[in-house]
Amino acid sequence: MTDNKYVLEFVEKYRKLFSPDEVVWVDGSREQHKMLTCEAIATGEVIKLSNSLMPGCLYHRTAVNDVARVEDRTFICTTDREDAGITNNWMAPSEAYAKLDAIAKDAMKGRTMYVIPFSMSKIGSPFAKYGIELTDSLYVVLNMMIMTRVSDKVYDKLKGGDDFVKGIHSKVTLDAEQRYICQFPEDNVIYSLNSGYGGNVLLGKKCFALRIASYQGWKQGWMAEHMLILGVEKPDGETKYICAAFPSACGKTNLAMLIPPKVYQEKGYKVWTVGDDIAWLRKKKGTFYAVNPENGFFGVAPGTNAKSNPNALATTRRNTIFTNVCFNAKNNTVWWEGSKIEAPTKAYDWKGRPWNENMKDENGNPIKGAHPNSRFTAPAKNCPCLSKEFENSRGVPVSAFVFGGRRAKVAPLVYQARDWEHGVFIGATMASETTAAAAGKVGVVRRDPMAMLPFCGYNMCDYFAHWLKMGSRMSNQPKIFHVNWFRTDENGNFIWPGFGDNMRVLDWIIRRCENEVDAVETPIGYMPKAEDINIEGMEDFDMEKLQSVLSLDMNAWKKEADEIGEFFKKFGDKLPEKLWKQLRILKSNLRG
Ligand code: OXD
Ligand code: MN
């Protein structure tokens with residue numbers, strides 16, 4: 001397959017440690033994909049779904065104790081603890097290697113070790129970074145073949161060198177107590193044991209494209225961000241690109257695949273998806289250019305329906321792997337809560353138990369057919385609104401960065417940073433409130449800077465400084481905005497309808513970028529004049545509701561500013577002074 005000595009040494013080292021019965025070199029070919037799929041079906045690792053209704057689709061269940069990313073078991077392993085910072089779990093590299101090697105010893109006996117060469121972003125592009133993942137999971141192989149560019153051409157691109165990320169994965173026994181997701185940014189190594197859940201084991205995604213890549217970007221002068229990338233095509237045919245960061249459960253995939261409301265469609269607006277989760281950003285001629293390094297979407301299934309995200313639904317109709325959704329045994333398809341499709345009458349839930357929608361647990365709560373974090377892994381090329389720039393190796397020029405969170409009261413529908421430094425402050429302080437859907441107290445504010453808290457592979461203070469520095473080098477700085485689709489009324493109901501209507505906010509953002517519309521200066525930044533948000537054609541929405549989502553409660557903001565101060569204090573002396581300066585400006589503005 002290759003004579004690259006670094007690749008051969010890497011594979012041999014872990015073959016000796018894991019002791020698999022066999023090593024299979026994955027080459028990315030159709031023939032091999034077909035063979036491996038048949039094998040996964042034969043072993044029961046996946047179930048083949050209806051060929052006529054869902055051609056090429058597969059169904060998989062994870063172990064019940066292994067259904068999500070595990071932040072408490074995720075470590076950044078740097079020589080110096082300071083380089084991981086206070087927001088990451090840290091382990092010394094020597095300790096981590098020793099601990100994980102002991103768990104890994106002979107873990108693949110009786111199994112096959114697959115060697116997956118993959119590229120994040122298009123092979124050969126200026127953005128491309130290469131990786132090799134070793135795994136004992138065929139499910140991982142098949143998912144990686146959707147989410148990344150898997151090909152033996154990767155070996156040629158290495159040109160005999162060692163510039164690749166080494167990904168090591170084994171399910172071992174799926175013991176949650178021995179589960180580790182370790183990143184070694186100084187060594188370009190990811191080591192993941194005892195999990196089979198996507199975010200922990202598809203090592204190209206969070207582990208590489210965010211944790212390792214953010215560290216590489218810091219060292220090499222570029223950025224890896226937890227951002228969707230979308231293009232808004234205007235009636236004159238010009239397309240403007242926006243990158244947006246939201247914490248999990250804020251509808252990133254839905255925003256990335258938004259369908260504009262009728263009034264916008266009639267005028268000729270279109271939204272194109274470049275990416276739904278990760279953006280790699282590089283500077284060219286003073287402008288940020290963004291690519292989506294992935295090749296597919298790993299989206300949350302529950303809540304996806306013909307109204308919330310018809311494009312995502314269409315994307316999943318072929319060659320898609322479904323994980324932990326409900327299995328409809330009547331017609332060999334899948335179902336999930338919030339699909340707006342009648343629940344199946346002959347079905348098995350995500351745990352594999354016979355299921356119907358009337359079933360209740362011992363506390364009388366409905367038993368869900370699909371796990372709330374059940375997923376689809378779908379090829380990007382299936383997406384009806386995929387941007388024609390998706391494969392463009394130069395990336396797309398970024399006009400605006402958007403940060404967002406889920407805030408019931410404090411943040412208005414949209415506001416704009418006064419300048420880059422203020423924008424970095426807004427990103428660094430963004431937050432979401434916990435919802436009733438999650439365990440624990442409702443309404444607890446969790447700060448999640450740039451939505452990177454679980455994904456930044458180095459010290460967050462260095463990360464903020466990197467943001468400040470990158471922006472200061474741009475002659476064509478993107479404008480920075482904050483949005484909040486989740487303001488509630490006195491009864492706790494959402495006021496803003498969201499989904500396609502978010503286009504109205506994107507429209508204001510783009511007009512601001514083009515200096516086509518004025519704004520009001522407020523203590524927190526620039527805000528729209530209500531009449532500049534187009535509410536034409538909206539049902540059950542009026543000027544009064546718009547005013548209410550644009551309103552600012554100064555007392556709530558004073559409390560917010562105090563809380564930001566407490567949050568900043570946790571970072572100690574390393575926090576860039578420019579962020580403290582922005583907090584002083586906010587406090588002084590709020591005093592009036
Ligand atoms: C994801 C996440 O799975 O951000 O994309 O949690
Ligand atoms: Mn994500």
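Specify the residue that is farthest from ligand 2 (Cβ to nearest atom); the eligible residues are those in the range 261-296 that are more than 29 Å from N534 (Cβ to Cβ) and in a strand (DSSP E or B).
In this case the residue turns out to be K284.
Let me spell it out: the conditions are (1) open to solvent by less than 40 Å² (accessible area, probe 1.4 Å); (2) in contact (Cβ under 8 Å) with a residue 60 or more places away in the chain; (3) out of contact with any helix residue (DSSP H, G or I) (no Cβ under 6 Å at 6 or more places or on another chain); (4) not basic (K, R), and Y97 meets all of them except one. Which number is the exception?
It is condition (1) that Y97 fails.
If you go through the range 242-252 one residue at a time, do you hit one that is of a type in the set (A, V, I, L, M) and open to solvent by 40 Å² or more (accessible area, probe 1.4 Å)?
So the first thing to find is which residues in the range 242-252 are of a type in the set (A, V, I, L, M), and the list is 242, 244-245, 249.
Now narrow it down to the ones that are open to solvent by 40 Å² or more (accessible area, probe 1.4 Å): 249.
Within the range 242-252, one or more residues are of a type in the set (A, V, I, L, M) and open to solvent by 40 Å² or more (accessible area, probe 1.4 Å).
Does P344 qualify as being more than 23 Å from the chain's Cα centre (by Cα) and closer than 23 Å to P55 by Cα?
Details: more than 23 Å from the chain's Cα centre (by Cα): yes; closer than 23 Å to P55 by Cα: yes.
When the stated conditions are applied, P344 passes them.
So for the range 21-33 (the condition being in contact with a helix residue (DSSP H, G or I) (Cβ under 7 Å, 6 or more places away or on another chain), closer than 25 Å to I321 by Cβ, among the aliphatic types (A, V, I, L, M) and touching a residue at least 12 places away in the same chain (Cβ under 8 Å)), does at least one residue qualify?
Within the range 21-33 (the criterion being in contact with a helix residue (DSSP H, G or I) (Cβ under 7 Å, 6 or more places away or on another chain), closer than 25 Å to I321 by Cβ, among the aliphatic types (A, V, I, L, M) and touching a residue at least 12 places away in the same chain (Cβ under 8 Å)), the answer is yes, since at least one residue qualifies.
Specify which of the listed residues (E539, E563) is within 30 Å of D501 (Cα to Cα) and acidic (D, E).
On the way: E563 fails: within 30 Å of D501 (Cα to Cα).
Just one listed residue meets the conditions, E539.
For the range 361-418: of the residues being away from ligand 2 (no atom under 16 Å from the Cβ) and of a type in the set (K, R), which is least open to solvent (accessible area, probe 1.4 Å)?
By that ranking, first place goes to R407.
Please determine, by comparing only the residues of the range 446-458 that are open to solvent by 10 Å² or more (accessible area, probe 1.4 Å) and more than 12 Å from ligand 2 (Cβ to nearest atom), which one is modelled with the lowest pLDDT.
Once the filter is applied, the top-ranked residue is R446.
Mind listing whichever residues of the range 231-252 are modelled with pLDDT of 95 or more, within 16 Å of ligand 1 (Cβ to nearest atom) and over 17 Å from R446 (Cα atoms)?
C243, A244, listed by residue number.
Where residues in the range 69-94 are within 16 Å of ligand 1 (Cβ to nearest atom) and touching a helix residue (DSSP H, G or I) at 6+ places or on another chain (Cβ under 7 Å), which of them is most open to solvent (accessible area, probe 1.4 Å)?
R69
Just the residues that are open to solvent by less than 10 Å² (accessible area, probe 1.4 Å) and over 14 Å from N51 (Cα atoms), please, taken from the range 311-335. Spell out how you get there, then give the answer.
Within the range 311-335, the first condition is being open to solvent by less than 10 Å² (accessible area, probe 1.4 Å), and the residues that meet it are 312, 315-316, 320-326.
Result: A312, T315, F322, T323, N324, V325, C326.
Please specify each residue of the range 22-68 satisfying the condition of being surrounded by fewer than 19 Cβ atoms within 10 Å (Cβ to Cβ) and aromatic (F, W, Y).
W25
Take the range 449-472 and flag every residue that is within 16 Å of A400 (Cα to Cα) and away from ligand 1 (no atom under 16 Å from the Cβ). Show your work before the answer.
Looking only at the range 449-472, we keep the residues that are within 16 Å of A400 (Cα to Cα), and these are 450, 467-468, 470-472.
Residues satisfying the conditions are W467, L468, M470, G471, S472.
Cβ-Cβ below 6 Å, separation at least six or inter-chain, first residue in the range 554-583 and in contact (Cβ under 8 Å) with a residue 60 or more places away in the chain and assigned by TED's automatic domain parsing to the domain that holds W420, second part of a loop (DSSP other than H, G, I, E, B) and among the β-branched types (V, I, T): which pairs?
Partner pairs satisfying both residue conditions: A556/V410; E560/V410; I564/T429.
Anything in the range 272-290 that is more than 16 Å from ligand 1 (Cβ to nearest atom), open to solvent by 10 Å² or more (accessible area, probe 1.4 Å) and in contact with a strand residue (DSSP E or B) (Cβ under 8 Å, 6 or more places away or on another chain)? List them, or say none.
W272, R282, K283, T287, Y289
Go through (1) under 19 Å from A428 (Cα atoms); (2) in a loop (DSSP other than H, G, I, E, B); (3) touching a strand residue (DSSP E or B) at 6+ places or on another chain (Cβ under 6 Å) and name the single condition N476 misses.
If we test N476 against (1) under 19 Å from A428 (Cα atoms); (2) in a loop (DSSP other than H, G, I, E, B); (3) touching a strand residue (DSSP E or B) at 6+ places or on another chain (Cβ under 6 Å), just (1) comes out false.
The values are calculated or read from the model by the stated rules, or taken from the named source; none is laboratory data. The structure displayed is predicted, hence computed values, not measured ones. Because the Cβ atoms are built from the backbone with ideal geometry, glycine has one as well, and the counts that use them run over all protein chains shown. These accessible areas exclude ligands, DNA and RNA; they are computed on the full protein's heavy atoms, side chains included. Shrake-Rupley method; radii C 1.70, N 1.55, O 1.52, S 1.80 Å.
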